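All remarks here apply to the structure that follows.
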Amino acid sequence: MTGGVCPYCERRCYLAEDGVGFCRMYTWAGGQVVERFPHRYSCTFVNHIETVPFYHFQPGSRTFVLGGAGCNFDCEYCSNAYVARSEPEPLLTYHLSPPRVVELARQYGCHNVAFAINEPTVALPTLLELAHVAQEQGHEAEALEHTVRAVALDRPPLPQLSAGAWQLKERGQEVAAVRVWHEVKAHAAEVARVAQELAGQDRAAMAHLAGSRRAARSG
Ligand code: SF4
């Protein structure tokens, strides 16, 4: 009988051949730790990104939420214990490949995909693969949407920040992408200020011209 230690979380469960650890989401097979239910989810739904919760990043955008089953925590207050602490197999009714998840997210007008409900650690290989595919397939549409919004607001498009870089920004940590974001944002604010100033001058000039015409007509 072979087996090995699961490296995915600090519990470091020993997994026997075909056995399971605390979360019941990994097993030992073929001489390695493998996911028992790759690309399977207990629920899928659409919500606003603020409910994930993820504030101030693409505010108001729709997010395609996925939930799994099993958990490596054992919190007494868990509101999702029915998926976190039950046998995962009967709960994981949705089998969705990464491209299918991206397709569904697009179909429902979602800007992003989030994994909620339970702990992502217990489905890490699946989620890393999904993140890779989503990033590869989603960037173009996201950048285009952002550019369209910038043009509508009459300002230069800001460089895209990934969700991870956004979180660092929100915590006041400066990485290269955040620095560029701040620079371009300051530039865009200056452009908007100058445009407003010019618009004010333009309105004043038009009012003056209109006044002159009225005076000429009455004179
Ligand atoms: S991820 Fe699951 S199997 Fe792996 S160590 Fe943590 S609880 Fe155990």
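Values in this text are rule-based calculations from the coordinates and carry no lab data. Just so it is clear, the structure is predicted and the values come from calculations on it, not from any experiment. Cβ sites come from the backbone with ideal geometry, for glycine too, and all protein chains shown count toward neighbours.
Qualifying chymotrypsin sites (Phe, Trp or Tyr not before Pro) in region 1-67, where qualification requires a DSSP coil assignment and no more than 12 other C-beta atoms within 10 Å, comprise 55. Magnitude of the charge dipole for region 37-152, about its Cα centre and with charges confined to Cβ atoms of Lys, Arg (+1) and Asp, Glu (-1), is about 260 debye. Extension gain, residue 180 to residue 195: 0.36 nm times the residue separation minus the Cα-Cα distance gives 3.2 nm. Note on 25, 206: ascending count of other Cβ atoms within 10 Å places them as 206, 25, the fewest first.
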